[in-house]
Structure formats: C-alpha cells, structure tokens
Amino acid sequence: MPQLPRRNLRRPGIFQLVTGLTRKFALREGQSVEFRAEAFNLTNHVNPNNPSLLLNGQTFGKITSGAGGTHAPVVPGIRESCSLR
C-alpha cells in the first residue's frame, strides 16, 4: 500500500463576507440615534465540511454536508445616545 506524504489532504476553502452599515442622526443637542445593520455571510455562500476520511466507507473522499452557518444573515439595530451635562 503506498503512503501519502504528511498533510497531503486538503479541506475546501472557507469564504464569508461580514459587513455592517451605520447611520447616525442628531435629534437635539446632546442626543442622537444610530441605526445599524450587520450582515454575516452576506453572499450566502455554502462552506463545505471536510471530506470523509474513513477508508472502508462508501463516502471516502466525498463531502456530504456543509458547515453550519447563520440562517438570518442581516441583524438590524437601533441605539440612542445622550450626553448629560
């Protein structure tokens, strides 16, 4: 049986685009409100798990599932701030 060199097996690459948008509005002097939207895995790209390494298995070398991720990639938020004098 031939032997493979060390670290010869590679896993698929991972790609995630994480971004955020903010917009701050002044209400009165010393008061403001900030609207935020954060997006995780914005492109909704599937990141596959490692291939199966069981030599006797029927799925050897196959990728049978994807890595877990977020199902709701956009998270909105509001923050109010005021400065006390």
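The values are calculated or read from the model by the stated rules, or taken from the named source; none is laboratory data. Note that this is a predicted model, so its numbers are computed, not measured. Cβ atoms come from the backbone with ideal geometry, glycine included; neighbour counts cover every protein chain shown.
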Residue ID - surrounded by the fewest Cβ atoms within 10 Å (Cβ to Cβ), chosen from residues in the stretch 41-85 that are outside any loop (DSSP other than H, G, I, E, B) and modelled with pLDDT under 75: 66
Test: residue in the stretch 19-35 that is loosely packed, with under 11 Cβ neighbours inside 10 Å and more than 25 Å from residue 80 (Cβ to Cβ): no
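Hey, among the residues in the stretch 9-28 that are over 20 Å from residue 43 (Cβ atoms) and in a loop (DSSP other than H, G, I, E, B), which one's modelled with the lowest pLDDT?
In this case the residue turns out to be 9.
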